[in-house]
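Rule-based calculations on the coordinates, nothing more; no lab input. Bear in mind the structure is a predicted one, so any value in this text is a computation, not a measurement. Note that we place each Cβ from the backbone using ideal geometry, even for glycine, and neighbour counts take in every protein chain shown.
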Amino acid sequence: MVSMTPAAVFERATRVAEVRADTAASPSGLSSALVDLRQIKAWVASSEAAIVQQLAAVDSFAESTIAEASKESLGAAAKTTERAATLGRTPSLAASLDDGVITAGHIDAVTRGSGRLEPEQRNELFDRVDRLATVAAASTIEEFQRRVRLEVRQMQRDDGESRLERQKRATRVSTWTDDEGMWNLRGRFDPETALHLSARLSGAVETLFVEQVPDCCPTDPIEKQKFLTAHALARLVHSDVSAPAGAPQVLVVIDADAPEQPGPSAQWSIPVELPPRVLAELADDATVTSVVVRNGVVLHAPGALNLGRSSRLANRAQRRALRGLYSTCAIPGCAVHYDRCKLHHIVWWRNGGETNLDNLLPVCTKHHTKIHHDGWVVHLGTDRVLMLTLPDGTRRSTGPPSIRAA
């Protein structure tokens, strides 16, 4: 077939226009026009993905720009960005789409399949399906989707126990000194070990710094936590601090507005996936904290949730309570994990805002900068309905947050 250059697209569009204008067109002519349309749409989808990839590199809220330009919903815009990301990982399929050999539906089948896998498995799936470009070209969307599902099932044949064993064998720590003379430490740990290690570090931070932090401690909440964790680790190695033995922490979120749900949502101190038997054993020794939410409102959570003007920084109880509502940055379309977010004062602290739960919103560092320096305005309404106003006057709104929906 002719490569789908702009000239080839124009040629096909001309043929489609001629058939459309011919009220006596033959069935074969109409069928050929449909093939031309399919190839044009494939080229358009490929071009859209390329533009979206460029946009994502320069726009912190690409989904909003896409939705406005295409007059689609944010959900549809998110789907477009996901398709662009998949094409970026599968160059052979991307080339086939650009040439009109396959359709956007083939790419969406890969995106859906990758969503069923762990991040480290997705790379393998992308490599596998990218080698199936000729198969995709000869298959309908449904046929190719079945093939993708088969690849996913083959990758998931190992049960959780064997996967955990592989993770334990892959546990590593590496160290090096960088150009600034700083000694660096990086580790990869299996989930079971990570739960205990995370709990031990959290306990050491609380034991060491409950009353006072070092004078050189950063004020930024995220950087402060990193700083204190690093110092807690060093003190644990020096064995001059007594910390809890490392009981895993689990937050139980009870959604009072969703009685049809099978039960509470359990969140471990770090996002892990373990076999049910291992989780059951860990649960026997875990420290359990409950948060009750309903329609975007925290009905119950332990600890001081309203600090007023006594502290600019949110405490652990407030972060834990909001974790029951949010899994990511609250800005629509942002997937930055909650643990990497700051708690932003809706009414700014310098304007008299209080460190109370109803005045705090989790936002990532990038969007926190947008709010404070680029004219983004956020407002929380009833049931924590978020209204985001951009500098050009555009408004985006989200309904009450829900950890289950996320």
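Dipole orientation for segment 179-238: of the candidates ILE222, MET182, SER198, SER198 has the Cα lying most toward the positive pole (charges on Cβ; Lys, Arg +1; Asp, Glu -1). Put a dot 7 Å past the Cα of LEU150, heading toward its Cβ, do the same for THR398, and the two dots end up 4.0 nm apart. The phi torsions of segment 114-127, fed into the Karplus equation with coefficients 6.51, -1.76 and 1.60 and a -60° offset, translate into couplings of 5, x, 8, 10, 6, x, 5, 7, 5, 4, 5, 5, 4, 5 Hz, rounded to whole numbers, with Gly and Pro shown as x.
By its C-alpha gyration tensor, with a ≥ b ≥ c as the square roots of the eigenvalues, how is segment 154-195 shaped: rounded for a/c under 1.5, else prolate for a/b larger than b/c, else oblate? Taking the square roots of the gyration eigenvalues as a ≥ b ≥ c, segment 154-195 is prolate.
Where does the longest stretch of the chain lie that holds no trypsin sites (Lys or Arg not before Pro) found in a DSSP loop with 10 or fewer other Cβ atoms within 10 Å? Of all site-free stretches, the longest is 158-406.
Anisotropy class assigned to segment 179-238 is oblate, per the alpha carbon gyration tensor with a/c at or over the 1.5 cut-off and a/b no larger than b/c. Ranking ALA95, GLY115, PHE126 by Cα position along the charge dipole of segment 88-130, where only Lys, Arg, Asp and Glu carry charges on their C-beta atoms, puts GLY115 farthest toward the positive end. In a DSSP loop and with at most 11 other Cβ atoms within 10 Å, there are no GluC sites (Glu not before Pro) in segment 42-114. Within the chain, the cysteines lacking any other cysteine Cβ closer than 4.7 Å to their own Cβ are CYS216, CYS217, CYS341.
Applying the Karplus relation 6.51 cos²θ - 1.76 cosθ + 1.60 with θ = phi - 60° to segment 384-397 yields 3J(HN,Hα) values of 6, 5, 9, 10, 10, 10, 8, x, 7, x, 5, 10, 10, 10 Hz, where x marks Gly and Pro. Taking springs between alpha-carbon atoms closer than 10 angstrom, which of ALA13, ALA204, ALA21 fluctuates most in the Gaussian network model of the chain? Checking each option, the largest mean-square fluctuation is seen for ALA21. Compared with the dominant Cα axis of the chain, that is its longest principal axis, helix 191-209 is turned about 40°.
Can you give the net charge of the other residues whose Cβ lies under 14 Å from the Cβ of PHE61, counting K and R as +1 and D and E as -1? Taking every Cβ under 14 Å from that of PHE61, the sum is -1. How would segment 6-155 be classified by its alpha-carbon gyration tensor: rounded, prolate or oblate, with rounded meaning a/c under 1.5 and the a/b versus b/c comparison settling the rest? Since a/c reaches 1.5 but b/c is at least a/b, the shape of segment 6-155 is classed as oblate. Helix 27-56 and the longest principal axis of the C-alpha atoms of the chain enclose an angle of approximately 30°. Amide H to amide H distances under 5 Å link ILE102 with LEU97, where only residues 5 or more positions off or on other chains count and H is placed in the peptide plane. Applying 0.36 nm per residue to the separation of GLN212 and THR171 and subtracting their alpha-carbon distance, the gain on full extension is 11.4 nm.
Close amide-amide hydrogen proximity is noted between MET4 and no other residue 5 or more places distant or on a separate chain, at a cut-off under 5 Å (H modeled in the peptide plane; Pro and chain starts excluded). Reported to the nearest whole Å, the Cα centre-to-centre distance from segment 61-140 to segment 21-55 is 18. Sequence-ordered 3J(HN,Hα) estimates for segment 221-233 from the Karplus curve with 6.51, -1.76 and 1.60 and θ = phi - 60° stand at x, 5, 5, 4, 5, 4, 4, 5, 5, 4, 5, 5, 4 Hz, glycine and proline given as x. Legend: ranking of residues MET387, MET182 from fewest to most surrounding C-beta atoms inside 10 Å; resulting order MET182, MET387. Dividing the helix sum by the residues of the chain, where each DSSP H run of 4 or more adds -39500 (n - 2.57), gives a mean residue ellipticity at 222 nm of -15500 deg cm²/dmol.
Put simply, the amide H of HIS344, placed in the peptide plane, has neighbours under 5 Å in LEU361, VAL363, leaving out anything fewer than 5 places away on its chain. Translational diffusion of the chain was estimated from the Stokes-Einstein equation, with Rh taken as the Kirkwood radius over Cα pairs; at 37 °C and 0.692 mPa s the coefficient is 131 µm²/s. Computed from the C-beta positions of ALA24 and ILE141, the FRET efficiency with R₀ = 35 Å rounds to 0.65. Approximating the spin labels as points 7 Å out from Cα along Cα→Cβ, the ARG235-to-HIS379 distance works out to 4.5 nm.
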